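Reviewing the structure listed below.
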Amino acid sequence: MIFISFKEELIDFLADYEKLIILGVGNELKYDDGVGPFIISQLNKRNLNDNVLLINAQTVPENFTGKIRMEKPSHIIIIDACLMGLNPGDFQIVNEDDFINIGLSTHSMSLSYFVKFLNHDNVLFIGIEPESLELIDQDSLGVLDADLMDFNGSLNESIEKSATEIINLFEEIL
């Protein structure tokens, strides 16, 4: 078996992209489940290629299918917390065939169905093993920012460290 690193696999996937959508999925009020929106929020502050569209889909990626189809991306990357039986903070590219075998997200539409509904050839899913999916004490949050591109939740340290690693890889590659 040949081991391909996460970075190499990401570079291979993006080698011929013309227009990329990165979709962050997750619930910011459930600690590490908000890792997808966190990554989108941070990438939004970076200098990325003009052919990259960032979408904070929160818990309803299906609400963005029209936008995704209208943009006609050559490639789509979906980022979400998922239960893969790894150590908290571990991340990997999840094969579409493995969607059924892992606990993907807590959102209104299963991501495997969402990907099938998109009917797109170039979709990559990045799963990040959460440490906690408990509901955050909402009294500790204060007033939520009206800008949906800003992350308002809280991540555990190992998850934030991994998210930062992924963000830095995107900035390097794109």
Result for the stretch 1-101: accessible area per residue, probe 1.4 angstrom, in square angstrom, of 50
Residues in the stretch 67-84 that a label on residue 132 would reach, taking backbone N under 18 Å of a point 7 Å out along Cα→Cβ: 81-83
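Kindly sort 69, 46 by accessible area of their heavy atoms, largest first, with the probe set to 1.4 Å.
Details: 69 115, 46 70 Å².
Final ranking, largest accessible area leading: 69, 46.
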Can you give the charge dipole size of the stretch 1-76 about its Cα centre, rounded to the nearest 20 debye, using +1 on the beta carbon of Lys and Arg and -1 on the beta carbon of Asp and Glu? 260
Cβ-Cβ FRET estimate between residue 120 and residue 157, R0 fixed at 25 Å, reported to 0.05: 0.15
Quote to one decimal, in nm, the extra length available between residue 71 and residue 7 on full extension: 0.36 nm per residue of separation minus the C-alpha distance between them. 20.5 nm
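The values are calculated or read from the model by the stated rules, or taken from the named source; none is laboratory data. Values in this document were obtained by computation on a predicted structure and should not be read as measured data. Virtual Cβ from ideal backbone geometry, glycine too; neighbours counted across all protein chains shown. Just the protein is used for accessible areas: all its heavy atoms, side chains included, with ligands, DNA and RNA removed. Shrake-Rupley method; radii C 1.70, N 1.55, O 1.52, S 1.80 Å.
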